[in-house]
Amino acid sequence: MTKNLRVKSSEYIDETNRISFKFNGKTYHGFKGDTLASALLANDVHLVGRSFKYHRPRGIMTSGSEEPNAIVQVNPGTNRTEPNVRATEVEIYEGLEASSQNCWPSVEFDIGGINNFLSPFFPAGFYYKTFMWPASFWEKYEFFIRHSAGLGKSPTSSDPDIYDHRNVHCDVLVVGAGISGILAAKYAAKNNFKTLIVDEKNELGGSTIFENNEFNKIDNKTPSEWLKKEIEELKGIKNLEIKTRTSVAAYHQYNYLLARENLTDHLETKDKTNKIRQRLLKIRAKKVILATGALERPLIFNNNDRPGIMLSSAIKRYSEFYGVACGSKNIFFTNNDSAYESALSLYNKGIHVEAVIDIRDQSESKIVKKVEEAGIKIYWSHTIVDTAGYKRLNSVSIMKLSNDGTSVTGSKISISCDCLGVAGGWTPAVHLYTQSGSKLKFDEEKQIFLPNQNTSEQISVGSCGGDFKIDEIIKNLNQKLKDKLNIKETNLDNIKVEIDQENSKRNIWLLPSDIPLGKTKPFVDFQNDATAKDIKLALREGFRSIEHVKRYTTTGMGTDQGKLGNMHALGIIADTAGVKMGELGTTTFRPPYTPLTFGTIVGRNVGKFFDIFRKTPMNDWHVENKAEFENVGQWKRAWYYPINGENMHQAVQRESKAARESAGILDASTLGKIDIQGSDASEFLNRIYTNAWSKLAIGKCRYGLMLNEDGMVYDDGVTTRLGENHYLMTTTTGGAANVLGKLEDYLQTEWPELDVYLTSVTDHYATASLCGPNSKKILKKIISNLDLSDESFPHMSFKEAKIGNIQCRIMRISFTGEHSYEINVQASYGKDLWEKCMEAGKEFNITPYGTETMHLLRAEKGFIIVGQDTDGTMTPIDLQMDWIISKKKYDFIGKRSLYRSDTMREDRKQLVGLLTDDPNIVLEEGAQIVSELNQNPVEMLGHVTSSYFSPNLNKSIALAVVRGGKDMMGKKLFVPMENKNINVTIANPVFYDEKNERLNA
Amino acid sequence: MFLINCPYCGERDQQEFKAGGEAHIERPKQPTELSDDEWAEYLFMRKNIKGVQFERWNHAHGCRKWFNMVRDTSNDEIKAIYKMGEKPPSQ
């Protein structure tokens, strides 16, 4: 029978609303307002997980997002399951299920627990040291390591929830709604700053909201009472937005912050559907006020990780806020006064406190006196040297600490207990502060890192800025608000604060034991099982940089990023290496502060919204006619049009033959189109293309090759001169945006004197490319009044015409080598044009073909595709396209690079044709080409770039780049494949109609 | 994520912009007169400064204008922004 440890009614817990939930298959009860952690503790469940490396039993340690141990799998086996969730942050609801991670078969009996007893064999760097040899065994090691590694399980079915993103702009963002955050938000909003305050918890007030220490008073009220009134007032202020359950994950430069707002995680499953689960707030704030508070430090002593050992502040929160006692026989272990507050809090509720063990030799504060008066035994100058209890703490052993704090003396006293609260002082939560790029400084006296150099418009207030006492908080907050927000007066000047002043502290990073260090387990990083002796071992092995020690020992590398133990790791390194902590620096705190779900990160950009895709105006026709599609850049392009159950090969063979024998039609709307106008347009084209443009007559088209400044082919396409100062350039489908960007760059930055204007018109026109010996007859049927004779409308020329009332531009250009027209109409008429062509072409068996056939047809002609036959290392000379380089032009982009020693090498890879000796074998694109089969290692001469079976030639053809290929015509080479070697011969890359007779056929 | 003050549009989020490398590298007027080394200097050699750096930026998803930025690469502070063709501010 489990015990009920509810100790009093709390206003934050609704005891009329009883909730049942399951943990590790067993049903428990809690109340509305409980976290999974508080509800489990109320049921006297401490053991919730196993540690990562040694599988040691671990319990709930904290009450917040810094929790290293109590990380659970929520709703296991469902599509909403989530691993690595902190039980301290899960709000319970009816039907919630959760289970422990990293244990098998159960958390009570875990096979991996054997690692704990084998731990002498698992020192820091164990994996690095052990699995290094023999190298060939790595694959086997990896298999086992991967199976034993990892904490939770990711869901296996798709996420049913909706996630959202929102951009937020505000004057002031306040992070953290404790006392300082609330006051800062209040005065910011009251002074007309548009303010947003966020807090990760579901209630405002931080830890002050349950601060009932009788020695601390604000305006004669307890801090708790006083703050509740402030919060009431806050809710009515204009200009102020309050967001709870919202945790800031990242603080980037220029006050750009990412926060996750949790909207449905606390709701019952039936209430979760069709709602946004989590929202990523992308906040751009003019000023940021960090009020993130401080995290209590544990103390580092032997076996400091047993279930039942918790932070003293967490015990206090559980008792005051959740009304839960974490144990029935409590001990506190401290180096400062704050444990006495927790002890008194328990005492006042009638919970037994056995003793306080204090490493200091005294403290004069009233609260300590009060604890003494309550009859609680205080052991001054004592330390815990060991603890006992495997699955739950049952006793601690203490000894007297030497004056210098490095050893223990006297006899050992054993005290039985079931809960130990440790209080090692406070670490300001400066994680977000440093993420913003701001720099910390170590305060040697307080032994904490504090904000020092701000790089953005920000202030740190309250304990994250180093102010721990309420009077300091209010005084410094007042000053900072006045300075930073330019507020003249606040009511903060008049607040009367009484506090218990004592602030003495004795800091010992690693507490000594009577047992030698090598035989102890003083954990520094609880989640990753890094102990103080691991850190010392790393130092002995020569690691000095804190970043290296961190990686070697994995300290601070868990999902909690070492929020609890990082400072101790630094302290132990500093003590051992004999340097000052300020000189050592800290490791980098990286976003996210707490883990984010993938859903939150991607928001609505999933499924069909993952990326945009572009469709041509003829797309519906392609879909209706059962085209298969391929993605080209962002475009969906018709790939081939299978009929009667054809596969791709069969469809492409049929389409290719039809295009050459009668007529084919291609949707070429995706080609990039740039409208170029201005009195210097011709000069501009001269500079960007390798060939000459000045003499191109109006109404003529020309193919151009564009290089990068390094001489490598960048893009190609046909440009038409529409008028004296007006050109229409086409680019490759995938290169359109980059070409426009590059041209704009030159115009704006290198040649601003040129009178040239560029406009992208890719989406403005739809293009149907009509090709084949019957294309002329088809066009004639559509436009009867146009003279299509070779004299009037020769190859590489352009005419304006009308199809009915539709204005169109017709270019007689060819990418297939056939007689061919590209008809451009305003995009909205694209489908109409296409259907007209299909109708007119019916008697000629006009065949729609897709990109695959287009690629095959152009390969038969040896035309390159930039990006397929080139890869950013090919010059026009490498492509055997010397003819397109103007010898007369003084300069063009890339010209000088064509005469660099490297680009002039004879043994560069050059584009050639490749024929297989067996005409039926089609080479694989990307296959390597060699001249010797018996070399070891074999020398690669090049690779196949394009390869098809040509139905028009009835043989396999390929394009390839081969080192020195230009001078290897007829040479026999090999393409070695997995199972066979294919004999190939270098050939002319123009396989079909070498004399270009079909263009005018 | 920077907040960049486009000289034509005003303050915009960094994701609207594209960085364009080091600024004030002028394309040689007479490339053919240059030796391989001199051409390589223009073509390949770029500084990678820790500290104040002059850079080109393009408001790619906005007005598409290029401009110059002076940025401290050690802390990403944007010290100045000026239009193409304008003189860089003296340090």
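Can you tell me the relative contact order of segment A:508-579? Whole percent, Cα pairs under 8 Å, sequence separation 6 or more. Show your work: numbers first, answer last.
Numbers: 79 pairs, mean separation 24.6, N = 72.
Relative CO of segment A:508-579 lands at 34 percent.
Averaging the inverse of every distinct alpha carbon separation and then flipping it gives the Kirkwood radius. What is it for segment A:255-334, in angstrom units?
Values: mean 1/r = 0.0588 Å⁻¹.
That comes to 17.0 Å for segment A:255-334.
If we count other beta carbons within 10 Å of each Cβ, what is the order of A:LYS533, B:LYS50, A:LYS972, B:LYS18, fewest first?
Working: A:LYS533 22, B:LYS50 8, A:LYS972 11, B:LYS18 15.
Ordered by Cβ neighbours within 10 Å, fewest first: B:LYS50, A:LYS972, B:LYS18, A:LYS533.
What is the Rg over Rh value, at two decimals, for segment A:711-832, using alpha-carbon atoms and the Kirkwood definition of Rh?
On the way: Rg = 16.2 Å, Rh = 16.1 Å.
Taking Rg over the Kirkwood Rh, I get 1.01.
What's the magnitude of the charge dipole for the protein assembly as shown around its Cα centre, counting Lys and Arg as +1 and Asp and Glu as -1 at the beta-carbon? Answer in Debye, nearest 20.
Values: 139 positive and 140 negative charges, 196 e Å.
The calculation lands at about 940 debye.
Using only the Cα atoms of chain B, what are the Rg and Dmax in Å?
Taking only Cα atoms of chain B, I get Rg and Dmax of 14.6, 43 Å.
No solvent, one uniform scatterer per C-alpha: report log10 I(q)/I(0) for segment A:809-936 via the Debye equation at q = 0.18 1/Å, two decimals.
Taking Cα atoms of segment A:809-936 as identical point scatterers yields -1.17.
If you build the Cα gyration tensor of chain A and take the root of 5 times each eigenvalue, what three semi-axes come out, in whole angstrom, biggest first?
Details: eigenvalues 1056, 222, 153 Å².
Each semi-axis is √(5λ); the values are 73, 33, 28 Å.
At 18 angstrom or more along the helix axis (alpha-carbon based) and mean Kyte-Doolittle of -1.0 or higher, what helices does chain A contain? Whole DSSP H runs only.
On the way: long enough: A:470-485 (21 Å, -0.73); A:648-661 (19 Å, -1.39).
Membrane-span-like by this criterion, though nothing is claimed about a membrane: A:470-485.
Along the principal axes of its C-alpha atoms, what lengths does segment A:611-898 span, in descending order and rounded to whole Å?
On the principal axes, segment A:611-898 reaches 55, 40, 36 Å in Cα extent.
Run through the DSSP bridge list for the protein assembly as shown and note the antiparallel percent, rounded to the nearest 5. It would help to have the intermediate numbers written out before the result.
Values: 153 of 199 bridges.
Percent antiparallel among DSSP bridges in the protein assembly as shown is about 75.
Go through segment A:144-252 and name the GluC sites (Glu not before Pro) that are in a DSSP coil and have 15 or fewer other Cβ atoms within 10 Å of their Cβ. Let's see the in-between values first.
Details: sites: A:GLU200, A:GLU203, A:GLU211, A:GLU214, A:GLU225, A:GLU230, A:GLU232, A:GLU233, A:GLU241; in loops: A:GLU200, A:GLU203, A:GLU211, A:GLU214.
The qualifying sites are A:GLU214.
Please name whichever of A:PHE844, A:GLN479, A:LEU346 sits farthest to the positive end of the charge dipole of chain A, dipole taken about the Cα centre and charges placed at Cβ: Lys and Arg +1, Asp and Glu -1.
So the residue furthest toward the plus end is A:LEU346.
Relative contact order for chain B using alpha-carbon pairs under 8 Å, separation at least 6, rounded to a whole percent?
Working: 134 pairs, mean separation 24.0, N = 91.
Over chain B, the number comes to 26 percent.
When you take every Cα atom in segment A:615-676, what is the radius of gyration, and what is Dmax, the widest Cα pair distance, in Å?
When restricted to Cα atoms, segment A:615-676 yields Rg and Dmax of 13.0, 45 Å.
Can you tell me the alpha carbon radius of gyration of segment B:21-74 divided by the globular rule-of-thumb value 2.2 N^0.38 Å?
Values: Rg = 13.9 Å, N = 54, 2.2 N^0.38 = 10.0 Å.
For segment B:21-74, the normalised Cα radius of gyration comes out at 1.39.
Any chance you could run the full-extension gain for A:GLU994 through A:LYS26? It's 0.36 nm times the residue separation minus the Cα-Cα distance, nm to one decimal. Kindly include the intermediate steps, with their values, before the conclusion.
On the way: separation 968, 0.36 × 968 = 348.48 nm, distance 8.09 nm.
Result: 340.4 nm gained on full extension.
Quickly estimate the mean residue ellipticity at 222 nm for the protein assembly as shown, helices only: each DSSP H run with n ≥ 4 gives -39500 (n - 2.57), and the total goes over all residues, rounded to 500.
Values: 25 runs with 218 residues, N = 1092.
That calculation yields -5500 deg cm²/dmol at 222 nm.
Under 19 Å from a point placed 7 Å out from the Cα of A:LYS153 along the Cα-to-Cβ direction: which residues of segment A:23-39 have their backbone N that close?
A:23-27
Please list A:295-303, B:61-69, A:401-409, A:515-523 highest first by mean number of surrounding beta-carbon atoms within 10 Å per residue. It would help to have the intermediate numbers written out before the result.
Details: A:295-303: 25.3, B:61-69: 18.9, A:401-409: 14.8, A:515-523: 16.8.
Output ranking for A:295-303, B:61-69, A:401-409, A:515-523: A:295-303, B:61-69, A:515-523, A:401-409.
Residue farthest toward the positive end of the dipole of the protein assembly as shown, with Cβ of Lys/Arg at +1 and Asp/Glu at -1: which of A:LEU666, A:ILE309, A:TYR254?
The listed residue farthest towards the positive side: A:ILE309.
List A:ILE535, A:ILE982 from most exposed to least, where exposure is judged by having the fewest other Cβ atoms within 10 Å.
A:ILE982, A:ILE535
Would you mind calculating the relative contact order of chain A from Cα pairs under 8 angstrom and at least 6 residues apart, reporting the percent as a whole number? Please report the intermediate quantities before stating the final value.
Working: 2272 pairs, mean separation 86.2, N = 1001.
Taking the mean separation of contacting Cα pairs over the length of chain A, I get 9 percent.
Among A:ILE546, A:PHE609, A:PHE523, whose Cα lies farthest out toward the positive end of the dipole of the protein assembly as shown, if unit charges sit on the beta carbon of Lys, Arg (+1) and Asp, Glu (-1)?
A:PHE523
Taking the inverse of the average 1/r across all pairs of different Cα atoms in segment A:503-633, what Kirkwood radius in Å do you get? Before the final figure, lay out each step's value.
On the way: mean 1/r = 0.0527 Å⁻¹.
Evaluated on segment A:503-633, it is 19.0 Å.
Quick check: residue separation of A:ILE237 and A:LYS400 times 0.36 nm, minus the Cα distance between them. What number comes out in nm?
Values: separation 163, 0.36 × 163 = 58.68 nm, distance 5.48 nm.
53.2 nm is the gain from fully extending A:ILE237 to A:LYS400.
Under a crude label model (7 Å from the Cα following the beta-carbon direction), how far is A:LEU953 from A:ASN494 in nanometres?
Spacing of the two 7 Å Cα→Cβ label points: 9.5 nm.
Hull surface divided by four, with the convex hull built on the Cα atoms of segment A:392-438: how many nm²? Don't skip to the end; give the middle numbers.
Values: hull surface 24.2 nm².
Value for segment A:392-438: 6.1 nm².
Quote the FRET efficiency, to the nearest 0.05, computed for A:LYS519 versus A:GLU225 with a Förster distance R0 of 45 Å and r equal to the Cβ-Cβ distance. Walk me through the numbers on the way to the answer.
On the way: r = 50 Å, r/R0 = 1.12.
That gives a FRET efficiency of 0.35.
Please report, for the Cα atoms of segment A:905-1000, the Rg to one decimal and the Dmax as a whole number; what are they, in angstrom?
According to the Cα coordinates of segment A:905-1000, Rg and Dmax are 13.6, 51 Å.
Rank the residues A:LYS636, A:LYS22 as a footprinting-exposure proxy: fewest other Cβ atoms within 10 Å of their Cβ go first.
Details: A:LYS636 18, A:LYS22 15.
Least crowded to most crowded, the residues run A:LYS22, A:LYS636.
Counting DSSP beta bridges with both partners in segment A:267-415, what percentage is antiparallel, nearest 5?
Values: 11 of 20 bridges.
In segment A:267-415, approximately 55 percent of DSSP beta bridges are antiparallel ones.
Under the rule of at least 5 residues apart or a separate chain, name every residue whose amide H is placed under 5 Å from the amide H of A:GLU67.
none
What is the ratio of the Cα radius of gyration of segment A:508-579 to 2.2 N^0.38 Å, with N the residue count, to two decimals? It would help to have the intermediate numbers written out before the result.
Working: Rg = 11.2 Å, N = 72, 2.2 N^0.38 = 11.2 Å.
After normalising by residue count via 2.2 N^0.38 Å, the value is 1.00.
All of the numbers you see were taken from the coordinates with simple rules; none came from a lab. Given the structure is predicted, the values throughout are model-derived calculations rather than measurements. For neighbour counting, all protein chains shown are included, and Cβ atoms are generated from backbone atoms with ideal geometry for every residue, glycine included.
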